[in-house]
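The values are calculated or read from the model by the stated rules, or taken from the named source; none is laboratory data. Given the structure is predicted, the values throughout are model-derived calculations rather than measurements. Virtual Cβ from ideal backbone geometry, glycine too; neighbours counted across all protein chains shown.
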Amino acid sequence: MASNGSTFAVLVLFSLLVSSNAAGLQPAIGTTFNVLNYGAKPGGRIESTQAFVRAWAEACNFPGKARLLIPPGIYKLGETIFQGPCKSRIPITILLQGTLQAVSDASSYTGKGWISLDEVNGVTLTGGGTIDALGQNLWQYNDCKTNPDCVHLPATIYMTKVTNAKIKSIKLVNSMGFHMHITRSYLITIHSLSITAPAESPNTDGMHISQSNGVKVARSVIKTGDDCISIGQGSTNVTLNQITCGPGHGISVGSLGKRPNEGDVAGLIVSNCTLVGTTNGIRIKTYAASDPSRASGMLFKDIIMNNVKNPIIIDQNYGSNAQKPSQVKISDVIYQNIRGTTLSPVAVDLSCSSTVPCQNVRLHNINLQFIGNEKITSTCTNAKVGYSGLQIPPPC
């Protein structure tokens, strides 16, 4: 028989548990925050933005392991911000099983993103669901081809000041602007994504990475109307592996040098990728008349080009203002084991700056066959290039 002291201790513990549940507290492990419990309405007709924000706020403020659950169904959302920092040191899981659809009203978006992650340290987005921005309803308002000062439509996912994040096994469809924009972030791992928009859709980059360190993207299929992945200023230690790209504009470093005092790009590896029917293959593009900066330490290897218009291209005269040369210095670039077919007789086009010529560009085992009757060629301007192994087209 229990002593009076033991009985008292058990009663105290039971009393604490009852009072905790009465106060709405949950156990510290594996707590699920279901958006349906916060007023989300599946069906795609009633907007559920505030329900999602409330569910995230509780998950973010929970001190233990938390999961934000979005069950099967269609949910209509306007501008939605998942704001950090959060209390727990354990990454929050966003389990997306349903489909998110955007409100198709440009005036509903005041920021750079439709769904934003801001100052979050530790988050995983997964679940096999779909994020559909319904961009086709707003692309008519994109005037960036004719207006250099245009305001971009919001990105489907906009991540800023995010650390230790994983995004995997979801589908992104028909973004308004970029499908994903990652900036000022650290240690981001992305894989097993499907990103899709029509070839004619404007500025629907699959992913744009800027001012970020330690971003890895792998095993994804990207079909858009612009760059599959673009690496912007200030990006370091970025790895792209097993990306299937096309249609679109290819994989690009840049545009660099558009704005004053941009950060350097350094430490890029692009490997085991396949580009199908893209405008460009591997492209480095910098604006003429830019401020000084650097793009260096880049390796492009084991890449297949299938009917690509410009397989290997450096363009340092990008943009409309070509009165002064670009001051973005490109150096230490390796192209290795690049093979396939080109739609242009100029399969390698290295057009570098006269002010800061490209330094230490190396091509090893290049085998690009032209689909046509003209002789396949290379062009090099203001570039110091080294060659080894097979070279088709022949060196400059």
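Some observations on this one:
- None of Ser354, Ser378, Ser344 is in contact (Cβ under 8 Å) with a residue 24 or more places away in the chain, closer than 16 Å to Val308 by Cβ and assigned to a loop (DSSP other than H, G, I, E, B) except Ser344.
- Close pairs from segment 265-277: first farther than 24 Å from Thr342 by Cα, partner part of a loop (DSSP other than H, G, I, E, B) and of a type in the set (Ser, Thr, Tyr), Cβ under 7 Å, at least 6 apart: Val265/Ser235
- Of the strands (runs of 3 or more DSSP E) lying entirely inside segment 109-209, the ones with 1 or more residues being under 16 Å from the mean Cα position of the chain (by Cα) and of a type in the set (Lys, Arg) are found at 163-168, 171-173.
- Members of segment 163-184 found to be basic (Lys, Arg) and either closer than 27 Å to Asp105 by Cβ or crowded, with 24+ Cβ neighbours inside 10 Å (or both), listed by number: Lys171
- Thr124 being assigned by TED's automatic domain parsing to the domain that holds Asn174, in contact with a Leu (Cβ under 8 Å, 6 or more places away or on another chain) and closer than 21 Å to His208 by Cα: no
- Residue check for Phe82: surrounded by 19 or more Cβ atoms within 10 Å (Cβ to Cβ), farther than 22 Å from Ile190 by Cβ and of a type in the set (A, V, I, L, M, F, W, C): no
- Members of segment 143-162 that are at pLDDT 90 or above and surrounded by fewer than 21 Cβ atoms within 10 Å (Cβ to Cβ): Thr160, Lys161
- Subset tally (residues that are among the small types (Gly, Ala, Ser) and surrounded by fewer than 17 Cβ atoms within 10 Å (Cβ to Cβ)) for segment 290-317: 1
- Odd one out for Ser108, checked against (1) within 26 Å of Gly43 (Cα to Cα); (2) in contact with a strand residue (DSSP E or B) (Cβ under 8 Å, 6 or more places away or on another chain); (3) at pLDDT below 95: (2)
- In the condition set (1) touching a residue at least 60 places away in the same chain (Cβ under 8 Å); (2) touching a strand residue (DSSP E or B) at 6+ places or on another chain (Cβ under 7 Å), Leu172 is compliant with all but (1).
- Selection status of Lys168, within 18 Å of Ile209 (Cα to Cα), touching a Leu at 6+ places or on another chain (Cβ under 9 Å), among the charged types (D, E, K, R) and assigned by TED's automatic domain parsing to the domain that holds Arg219: yes
- Only one of Ile46, Ile92, Ile70 that is among the hydrophobic types (A, V, I, L, M, F, W, C), assigned by TED's automatic domain parsing to the domain that holds Thr126, surrounded by fewer than 17 Cβ atoms within 10 Å (Cβ to Cβ) and touching a residue at least 24 places away in the same chain (Cβ under 8 Å): Ile46
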